[in-house]
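The values are calculated or read from the model by the stated rules, or taken from the named source; none is laboratory data. These figures come from a predicted structure and were not determined experimentally. Here the Cβ positions follow ideal geometry from the backbone for every residue, glycine too, while neighbour counts run over all protein chains shown. Quick note on the areas: whole protein, heavy atoms, side chains included, nothing else; ligands and nucleic acids left out. Shrake-Rupley method; radii C 1.70, N 1.55, O 1.52, S 1.80 Å.
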Amino acid sequence: MSEPVEPVVDQLDGTPVAQTPAARLAAYVRAGGVVVPLLTALLAFVIGGLVVLVTGHDPIATYKAIFEGTGFQWLFPWVTGDDRATAALNLQQTLILTTPLILTGLAVAFAFRAGLFNIGGQGQYTVGGIAAVWVGSSFAGMPGWLHIVLAVAAACAAGAAWAGIAGLLKATVGANEVISTIMLNYVALWVGFYLFSLGGPLQNNHDTSVPVSNDVVDKAHLPVFWGDPVLQGLHIGIFIALVAVFAFWVILNRSTTGYEVRAVGLNPEAARYGGMNVARNYVLVMAVCGLFAGLAGSMDVLGWQFRIATNDIQISQIGFLGIAVALLGRNTAMGTVAAALLFGGLLSGTSQRNLDPSIFEPELAANLTTIIQGLVVLVVSADVLVLAMLRRARGLVPGRGRA
């Protein structure tokens, strides 16, 4: 077996030279450390506050109400009584929303770290949910834990296979994974519409006038460990997502596979010269991304949705939010968790159930969340440009240029 080739590095400071566009973006995004993503989020909230001010509302009162809707104040020991009970309910909802965001964020971050763009998280999430609801609503006599494991495994396999199509196309004919993953999103959308629409193969057996799947059987529901299951308490999916985060870190940083996919991302030609199978790594990377996103779909279906309707598929944005989560999280394990928690809090805190309408209309607050998400992506993109210019300027300083 040939020795693995070291990634191409800068002759001055030893940093990897990113040869592919996605690898360059990933390198610049990670270069800012912890401070830059904090400033990115802060700037997005400041601009969002200006939007609130323009609409005639109080930004401070609005953000305070959103924060209270997240339930994060439950962590403060001085919050007691009814306020603490309400905060607990809100925090449970925040963490339920955070769970799939962590996983779709990992699906994007893993591709970035391997020098690829995975824009297909939404489609992979959708097919994972379809597989989970089909298995979860079938085999009613199966033991509970085995049923859950089988449904989760089916979702992971479906997501991996769906993303693997894009990897295979890139490996065999050089198809750009951005285009193929975007198109696969639409294919997954319309496949879901076909399956659950009136007369569709997976439409429910009880009410033929409603385009929705059969319900996941009770034994296939993810167990709730905090809160009332009837009121949608927090299920064990949050722990499964954290295990996935640990697996993400181990694969990238403590395995030969992780070394190879990062080397291929930085310089495919050098990796191929060193004996690595570049085509196989493209397929592997995209399959792993799809596995994460498919797992996210199963967490929602088995954890709280328990069914899929055609309008659920149409309005879902979890896979697309994973892009913003990965960018803000600097494509790192802990950064992705933190960014997912932020976006999960925004989604929960601006919901019609949690936000006080006398302070800010929940309908407008949902748009505010979208504005903040878009600002994060824009500011992160601007940050990438700034870091690139700083790196270029550093190379022009006398005594720091290339030999």
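Cβ-Cβ distance below 7 Å, separation of 6 or more or different chains: which pairs start in the stretch 247-261 with a residue that is of a type in the set (G, A, S) and end on one that is part of a helix (DSSP H, G or I) and open to solvent by less than 40 Å² (accessible area, probe 1.4 Å)?
Final answer for the pair search is G258/L252.
Got at least one residue in the stretch 56-67 being surrounded by fewer than 18 Cβ atoms within 10 Å (Cβ to Cβ), without any contact (Cβ under 8 Å) to a residue 40 or more places away in the chain and not in a helix (DSSP H, G or I)?
There is at least one residue in the stretch 56-67 that is surrounded by fewer than 18 Cβ atoms within 10 Å (Cβ to Cβ), without any contact (Cβ under 8 Å) to a residue 40 or more places away in the chain and not in a helix (DSSP H, G or I).
With A365, A339 as the choices, which residue is surrounded by 24 or more Cβ atoms within 10 Å (Cβ to Cβ), in contact (Cβ under 8 Å) with a residue 12 or more places away in the chain and under 17 Å from I60 (Cα atoms)?
A365
Considering each of S298, S316 in turn, give the residue that is in contact (Cβ under 8 Å) with a residue 40 or more places away in the chain, closer than 22 Å to T98 by Cβ, among the hydroxyl-bearing types (S, T, Y) and surrounded by fewer than 24 Cβ atoms within 10 Å (Cβ to Cβ).
Result: S316 is the single residue among S298, S316 that is in contact (Cβ under 8 Å) with a residue 40 or more places away in the chain, closer than 22 Å to T98 by Cβ, among the hydroxyl-bearing types (S, T, Y) and surrounded by fewer than 24 Cβ atoms within 10 Å (Cβ to Cβ).
Name the single residue, out of those in the stretch 140-152 being surrounded by fewer than 16 Cβ atoms within 10 Å (Cβ to Cβ) and either in a loop (DSSP other than H, G, I, E, B) or of a type in the set (D, E) (or both), that is farthest from the chain's Cα centre (by Cα).
By that ranking, first place goes to G141.
Using the structure shown, decide if V178 is among the β-branched types (V, I, T) and farther than 22 Å from G265 by Cβ. If you could, list the steps in order and put the result at the bottom.
Values: among the β-branched types (V, I, T): yes; farther than 22 Å from G265 by Cβ: no.
The answer is no for V178.
Do you know which residues across the stretch 203-241 are assigned to a loop (DSSP other than H, G, I, E, B), within 18 Å of R307 (Cβ to Cβ) and modelled with pLDDT under 90?
N205, H206, D207, T208, S209, Q232
Quick one: which residue in R307, R330, R272 is of a type in the set (D, E, K, R) and surrounded by 21 or more Cβ atoms within 10 Å (Cβ to Cβ)?
Of R307, R330, R272, the one residue that is of a type in the set (D, E, K, R) and surrounded by 21 or more Cβ atoms within 10 Å (Cβ to Cβ) is R330.
For the list (1) open to solvent by 10 Å² or more (accessible area, probe 1.4 Å); (2) within 30 Å of G297 (Cα to Cα); (3) at pLDDT 90 or above; (4) not in a loop (DSSP other than H, G, I, E, B), I need the number of the one condition that L106 fails.
The number of the failed condition is (1).
Looking at A131, A166, A171 in this structure, which one is part of a helix (DSSP H, G or I), crowded, with 16+ Cβ neighbours inside 10 Å and at pLDDT below 95?
A171 is the lone residue from the list that is part of a helix (DSSP H, G or I), crowded, with 16+ Cβ neighbours inside 10 Å and at pLDDT below 95.
Hey, any hits in the stretch 89-100 for a residue that's open to solvent by 70 Å² or more (accessible area, probe 1.4 Å), more than 20 Å from A324 (Cα to Cα) and more than 25 Å from the chain's Cα centre (by Cα)?
Scanning the stretch 89-100 turns up no residue that is open to solvent by 70 Å² or more (accessible area, probe 1.4 Å), more than 20 Å from A324 (Cα to Cα) and more than 25 Å from the chain's Cα centre (by Cα).
Please work out which one of (1) exposed (fewer than 15 other Cβ atoms within 10 Å of the Cβ); (2) touching a residue at least 24 places away in the same chain (Cβ under 8 Å); (3) within 25 Å of I236 (Cα to Cα) is the condition A85 fails and give its number.
(2)
Among A287, A270, A293, which is of a type in the set (A, V, I, L, M, F, W, C), touching a Ser or Thr at 6+ places or on another chain (Cβ under 8 Å) and in a helix (DSSP H, G or I)?
Exactly one residue qualifies, and that residue is A293.
Out of everything in the stretch 202-223 that is in contact with a Leu (Cβ under 9 Å, 6 or more places away or on another chain) and free of Cβ contacts under 8 Å to residues at least 12 places away in the same chain, what residue ends up being least open to solvent (accessible area, probe 1.4 Å)?
The qualifying residue least open to solvent (accessible area, probe 1.4 Å) is Q203.
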